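What follows is a set of notes on a single structure, which appears directly below.
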């Protein structure tokens, strides 16, 4: 249906102007994909441009049956073709939700509620809903939810909402405890984000006792900034997630990290441990891990990374030398920028060029010492064609000696340096020549 036909239909059905005479909606910076409106201004016919977008964001105000002509809003929802609806800084009553649910666009599969409040205004008759929604993603951030919404009287709403849900985010929601009823509602999820909630160890233990509970489809779990101090505390939860492949436990407080047995038997492919105050890593053994993020910690050494790694992030630590790369034949991405490396490659270490799969390297913002030992590093950086060194040359600077400080290492030319080998002396004749002359002299003398 063309835009002018929609306008004609709205006028025929008597949609009234409930806001200013001029449009207050605008397109977001990402182009015409998202239209942003005040929560009341969506009813303004001047804002019909929003009927053509894929995402609609309603900001500020109160959405309640007594405050807004729901029949008119329902008509708007019937006409728009959005697949994502965002509420930002809005107070939403459940009576309003119940009234508009039957009119939500059939294409709608994603709802985000940010810095808002979901409230129950009494008296309220819970909605009668016969079918599950088509919503696949529900994301709540900094949103206050009326506790009564979790009561059995709203089971019909729960079945409607969670019936087809695959991705759920409850970030900074004040979630402290979880129970079996709540856990069973979300056991069909593939993605769960409970980050920045004060979830207790006891709560994680309790759900393991729920009868027949299994998050058998869960692939991705995020528990950022959740006051965790040990990976061991997650073993109970992981026992319920047999197919988990991505785990984000960044921004916690692990200090000395012990890698428990339960993690070694999981099919984990991505583990994020960044920003967690880690000073030491012990027994990090895995047969499946492909991506490991240990950036923004306090590691001075890191031994024996898993051989299956394809991506290793060690930026912003205190490393004074690279970890052993001998067995990382699958490594594709390596980030070791902003550490304490004075040299990237030495004759005694494995040369990065032997990592046949490596295609991306970040190693700038290290205190490189511009002397003869840096020759191998410069040679590699200047000659490699298969590896993209994305921060070279601007972030590769000499820290010492003082005369070279701040100079890009590519401008340091170590011509006076003589490469030392087992058969070469730094001064004088080669060793084989000295031995040959000495032996010849002896033969001549005795002859």
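Results for (1) modelled with pLDDT under 95; (2) farther than 30 Å from residue 263 by Cβ; (3) touching a strand residue (DSSP E or B) at 6+ places or on another chain (Cβ under 7 Å), shown as yes or no for each residue.
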| residue | (1), (2), (3) |
| --- | --- |
| 313 | no, no, yes |
| 332 | no, no, yes |
| 338 | no, no, no |
| 387 | yes, yes, yes |
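Would you list the helices (runs of 4 or more DSSP H) that sit entirely within the stretch 86-204 and hold 1 or more residues that are touching a residue at least 24 places away in the same chain (Cβ under 8 Å) and under 30 Å from residue 252 (Cα atoms)?
On the way: elements: 94-100, 155-162, 180-185.
Those helices (runs of 4 or more DSSP H) span 155-162, 180-185.
Restricting to the stretch 215-238, name every residue that is assigned to a loop (DSSP other than H, G, I, E, B), within 16 Å of residue 168 (Cβ to Cβ) and within 19 Å of the chain's Cα centre (by Cα). Talk me through it step by step, then tell me what you get.
To start, the set of residues in the stretch 215-238 that are assigned to a loop (DSSP other than H, G, I, E, B) comprises 215-219, 223-230.
Subsequent filtering for residues that are within 16 Å of residue 168 (Cβ to Cβ) retains 215-219, 223-224, 226.
Hits for the stretch 215-238 are 218, 219, 223, 224, 226.
Report yes if residue 147 is farther than 20 Å from residue 177 by Cβ and at pLDDT below 90, otherwise no. Even if it seems obvious, please write down each step before you answer.
Details: farther than 20 Å from residue 177 by Cβ: no; at pLDDT below 90: yes.
No.
When the residues of the stretch 191-214 are narrowed to those that are closer than 22 Å to residue 242 by Cβ and under 24 Å from the mean Cα position of the chain (by Cα), which ends up surrounded by the fewest Cβ atoms within 10 Å (Cβ to Cβ)? First the steps, then the outcome.
Kept after step one, since they are closer than 22 Å to residue 242 by Cβ, are these residues of the stretch 191-214: 191-194, 199, 201, 203-214.
Filter again for under 24 Å from the mean Cα position of the chain (by Cα), leaving 191-194, 199, 201, 204.
Values: 191: 19, 192: 21, 193: 21, 194: 18, 199: 20, 201: 15, 204: 21.
Checked the stretch 191-214; the qualifying residue surrounded by the fewest Cβ atoms within 10 Å (Cβ to Cβ) is 201.
Can you give me the number of residues within the stretch 273-302 that are closer than 16 Å to residue 341 by Cβ and more than 23 Å from the chain's Cα centre (by Cα)?
2
Considering (1) modelled with pLDDT under 85; (2) out of contact with any helix residue (DSSP H, G or I) (no Cβ under 8 Å at 6 or more places or on another chain); (3) closer than 16 Å to residue 137 by Cβ, say which one residue 218 fails and leave the rest.
(1)
Out of (1) crowded, with 17+ Cβ neighbours inside 10 Å; (2) modelled with pLDDT of 90 or more; (3) closer than 23 Å to residue 272 by Cα, the odd one out for residue 137 is which?
(1)
What is the number of the single condition among (1) closer than 20 Å to residue 168 by Cβ; (2) surrounded by 16 or more Cβ atoms within 10 Å (Cβ to Cβ) that residue 188 does not meet?
Condition (2) is where residue 188 drops out.
Tell me whether the stretch 52-63 contains one or more residues that are under 14 Å from residue 25 (Cα atoms), assigned by TED's automatic domain parsing to the domain that holds residue 26 and modelled with pLDDT under 85. Lay out the reasoning, then the answer.
We begin by selecting, within the stretch 52-63, every residue under 14 Å from residue 25 (Cα atoms); these are 52-53, 55-60.
With assigned by TED's automatic domain parsing to the domain that holds residue 26 added as a condition, the list becomes 52-53, 55-60.
Keeping just the survivors that are modelled with pLDDT under 85 gives 52-53.
Yes: the stretch 52-63 contains one or more residues that are under 14 Å from residue 25 (Cα atoms), assigned by TED's automatic domain parsing to the domain that holds residue 26 and modelled with pLDDT under 85.
The values are calculated or read from the model by the stated rules, or taken from the named source; none is laboratory data. Quantities reported herein were computed from a predicted structural model and do not represent experimental measurements. All Cβ positions, even for glycine, are placed from backbone atoms using ideal geometry, and neighbour counts span all protein chains on display.
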